Amino acid sequence: MIAKKDFENMRKELDDFDNQREILIKKSRDIVKLSKKVIYSVHRNEIKQAGDFVKQIKSSVAELDKTAKKTPMFYYSGPFKIAIQEFVEAACYYEFVKNKKVPSAKELKADTEYYLLGLCDLTGELVRKAINSAINNDYDKALFIKKFVNDIYNELMLFEFRNELRKKFDSIKYDLKKLDDLALGIKLKK
């Protein structure tokens, strides 16, 4: 004989899991959207607006974390990982442009792997910022960004990355090549 109560409980458990998963996906998507708004605002030099978005993201990340805590396997799910990675990239870009530094993984309350993935993505935005700075004749800023990306690369070289982190790290080499070309162009122009 089948224990109907057990099946009812399992159905409820799976329904609850699906509901929590949908909430996590929605919150993750919202964080990704806000992260893009931060980056676009910083590129347009709308630093105050970017700061407001960063505050919103931090609040959203705290909510996402609460949702993930209900089902710990969510911490390793794609949506959660992408949301934190995008948050790290946006928060670091904002802080770099505003204060010439990036917050630590601890300050952002981010898992080490997700922090490093976001940091690797950051270099692409910094290349764009350096190119825009050079176009606007702010050569010192462009060269400062080049040095900063080089510093990130030198620190990350000391890791033994695998899988996705390896691919992201390798992309920094291409970003550095673009910045080297930019620096050479600046030097020849001077």
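The values are calculated or read from the model by the stated rules, or taken from the named source; none is laboratory data. Keep in mind it's a predicted model, so treat the numbers as computed, not measured. FYI the Cβ positions are ideal-geometry reconstructions off the backbone, even for glycines, and counts take in every protein chain you see.
Looking at (1) part of a helix (DSSP H, G or I); (2) surrounded by 17 or more Cβ atoms within 10 Å (Cβ to Cβ), find the lone condition where residue 110 falls short.
(1)
List the number of the failed condition for residue 50; all other conditions in (1) over 18 Å from the mean Cα position of the chain (by Cα); (2) surrounded by 15 or more Cβ atoms within 10 Å (Cβ to Cβ) hold.
(1)
From 154, 136, 150, grab the single residue that is in the same structural domain as residue 189 (by TED's automatic domain parsing) and closer than 23 Å to residue 49 by Cα.
From the options 154, 136, 150, the qualifying one is 136.
Looking at segment 131-139, is at least one residue touching a residue at least 24 places away in the same chain (Cβ under 8 Å) and either loosely packed, with under 14 Cβ neighbours inside 10 Å or touching a strand residue (DSSP E or B) at 6+ places or on another chain (Cβ under 6 Å) (or both)? Walk me through it before giving the result.
Of segment 131-139, the ones touching a residue at least 24 places away in the same chain (Cβ under 8 Å) are 131-132, 134, 139.
In the following step, the residues that additionally are either loosely packed, with under 14 Cβ neighbours inside 10 Å or touching a strand residue (DSSP E or B) at 6+ places or on another chain (Cβ under 6 Å) (or both) were identified as none.
Looking for residues that are touching a residue at least 24 places away in the same chain (Cβ under 8 Å) and either loosely packed, with under 14 Cβ neighbours inside 10 Å or touching a strand residue (DSSP E or B) at 6+ places or on another chain (Cβ under 6 Å) (or both), one finds none in segment 131-139, hence no.
Pull up segment 158-186, narrow it to residues that are surrounded by 11 or more Cβ atoms within 10 Å (Cβ to Cβ) and of a type in the set (A, V, I, L, M), then point me to the one that is nearest to the chain's Cα centre (by Cα).
165
Take the conditions of a type in the set (Lys, Arg), over 26 Å from residue 45 (Cβ atoms) and part of a helix (DSSP H, G or I) and apply them to residue 177. Does it pass? I'd like the intermediate steps shown before the answer.
Numbers: of a type in the set (Lys, Arg): yes; over 26 Å from residue 45 (Cβ atoms): yes; part of a helix (DSSP H, G or I): yes.
For residue 177, the condition - of a type in the set (Lys, Arg), over 26 Å from residue 45 (Cβ atoms) and part of a helix (DSSP H, G or I) - is met.
For residue 46, indicate whether it is closer than 17 Å to residue 97 by Cβ, out of contact with any Asp or Glu (no Cβ under 6 Å at 6 or more places or on another chain) and in the same structural domain as residue 83 (by TED's automatic domain parsing).
Details: closer than 17 Å to residue 97 by Cβ: yes; out of contact with any Asp or Glu (no Cβ under 6 Å at 6 or more places or on another chain): yes; in the same structural domain as residue 83 (by TED's automatic domain parsing): yes.
Yes; evaluated as a whole, the condition is true for this residue.
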